[in-house]
1. In this model, which of Lys5/Lys64; Lys217/Lys251; Lys217/Lys301; Lys5/Lys225; Lys127/Lys217 are farther than 26 Å apart at the alpha-carbon?
2. Check Thr85: other-chain or 5+ apart residues with amide H under 5 Å from its amide H, H built from backbone geometry?
3. In sequence order, what are the phi-derived ³J(HN,Hα) couplings for the range 318-328 according to the Karplus relation 6.51 cos²θ - 1.76 cosθ + 1.60 with θ = phi - 60°, rounded to whole Hz, with x for glycine and proline?
4. Can you compute the equivalent ellipsoid semi-axes for the range 4-175, i.e. the square root of 5 times each eigenvalue of the Cα gyration tensor, sorted largest first and rounded to whole Å?
5. Roughly speaking, what is the centre-to-centre gap between the range 114-134 and the range 173-216 when only Cα atoms are used, to the nearest Å?
6. Restricting to DSSP loop positions (anything but H, G, I, E, B) with no more than 12 other Cβ atoms inside 10 Å of their own Cβ, which GluC sites (Glu not before Pro) remain in the range 11-42?
7. Per residue of the range 87-96, in order, report the coupling 6.51 cos²θ - 1.76 cosθ + 1.60 (Karplus, θ = phi - 60°) as ³J(HN,Hα) in whole Hz, putting x for Gly and Pro.
8. Got a sec to turn the phi values of the range 207-217 into Karplus ³J(HN,Hα) couplings, 6.51 cos²θ - 1.76 cosθ + 1.60 with θ = phi - 60°, whole Hz, x for Gly and Pro?
Amino acid sequence: MADIKARIIGTGSYLPERILTNFDLEQMVDTNNEWISARTGINERHIAADSEQTSDLAVNAARKAMDMAGVVPEEIDMVVLATITGDFPWPSTACLVQDKIGATNASAWDVSAACSGFVYALASAAKFIETGTCKRALVIGAEVLSRIIDWEDRNTCILFGDGAGAVVLEGQEGENGVLSTHLHADGSQWELLYQPGFGSRYPASVSGIEERLPFLKMAGNEVFKMAVRSMYDVAQETLKFNNLDVTQIAKLFPHQANRRILDGVSKRLKLSEGQMYVNVDRCGNTSGASIPLALDEANHKGLLNPGDLILLDAFGGGFTWGAALLRW
Ligand code: ACO
């Protein structure tokens with residue numbers, strides 16, 4: 001059988017219209033622009049309109065990716081959507097997207113790996129394509145984190161934003177496409193970053209709402225250290241697996257957690273100026289959406305050239321982390 005690679009043939013993204021600046025946050029919690037900017041590098045983030053759900057953001061990004069790829073929804077065999085803020089606990093948001101775009105021939109499922117979700121989703125879809133099980137996959141990262149943020153908690157509410165990014169993957173013979181994927185998890189650390197309610201552990205209750213269980217909880221310092229170490233380790237693992245030196249990577253797309261995490265990874269990897277793509281200043285942390293959003297931005301800016309080696313590098317709740325190496 002010919003060597004088939006999963007190649008990205010289209011990218012798309014969507015950011016809600018409303019922008020929430022650090023100055024807006026000053027009016028909501030006890031914080032200030034200088035603190036947020038210095039500690040996180042975030043200046044503003046986008047917030048979904050009340051009428052917008054995660055599936056709507058995903059559909060907007062997916063349609064743009066399909067337009068760029070020149071494929072119609074019926075040609076998509078699989079919709080894989082990374083999210084921790086689906087429209088409902090179930091059915092999957094991927095099913096809602098499959099219906100909304102009319103991808104009537106596609107299977108559909110969500111991937112739950114928090115901020116590593118897109119890399120996990122891409123790795124899964126690529127395997128289906130490489131084995132010939134499917135020809136074209138729509139891989140999406142979409143989040144409306146603003147609905148699970150505790151807007152009274154200044155430790156967390158300053159960090160996150162809403163958005164979506166999508167890619168169309170197609171099986172092609174040749175050298176271009178996903179070259180390798182590397183996924184990891186350490187479930188023993190789940191309590192450092194999670195959403196307590198409402199699932200089977202803490203079922204829906206009035207007291208649970210009073211205890212703010214439906215909102216994201218995070219131990220910021222511990223997450224910070226683990227994120228830098230894990231994103232560095234998995235990037236090194238990927239380079240070693242492919243016999244590459246970091247200087248051969250044209251662009252590294254990290255999960256856009258916050259500027260200090262990205263600077264830490266960049267410094268340890270000894271990246272050169274501009275080698276890492278960063279948009280966290282404008283988008284905040286959009287969890288599973290952050291890598292495809294950044295990828296689409298860079299693609300539209302003409303920063304990605306055929307043959308370029310692209311490294312995707314993520315870390316998130318679970319803990320989960322992973323990387324994917326692509327030849328563009
Ligand atoms: N505004 C002003 N002061 C604040 C704010 C705020 N928004 N938030 C916390 N502070 C205060 C704290 O209360 C504390 O005050 P104290 O010394 O009087 O107790 C002080 O600032 C320092 O707090 P720290 O938590 O030690 O601040 P730190 O420098 O660690 O920065 C931060 C906090 C930005 C959350 C950092 O830990 C971090 O970046 N963590 C990673 C978290 C992250 O990015 N998570 C995203 C999800 S995971 C992922 O995507 C990989």
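1. On the way: Lys5/Lys64 22 Å; Lys217/Lys251 32 Å; Lys217/Lys301 35 Å; Lys5/Lys225 34 Å; Lys127/Lys217 33 Å.
Violating the 26 Å Cα-Cα cut-off are Lys217/Lys251; Lys217/Lys301; Lys5/Lys225; Lys127/Lys217.
2. Here Val144 satisfy the definition.
3. x, 5, 10, 7, x, 9, 9, 9, 10, 9, 5
4. 33, 16, 14
5. Rounded to whole Å, the Cα centres lie 18 Å apart.
6. Numbers: sites: Glu17, Glu26, Glu34; in loops: Glu17.
Loop-located and lightly packed - Glu17.
7. Result, rounded to whole Hz: 4, 9, x, 7, x, 5, 5, 4, 5, 5.
8. Calculated HN-Hα couplings, in order: 5, x, 5, 4, 7, 6, 5, x, 10, 4, 10 Hz.
Quick note: the coordinates plus some simple rules give every number you see, no bench work behind them. Source: prediction; values computed, not measured. So basically every Cβ, Gly included, is an ideal-geometry build from the backbone, and we count neighbours across all protein chains shown.
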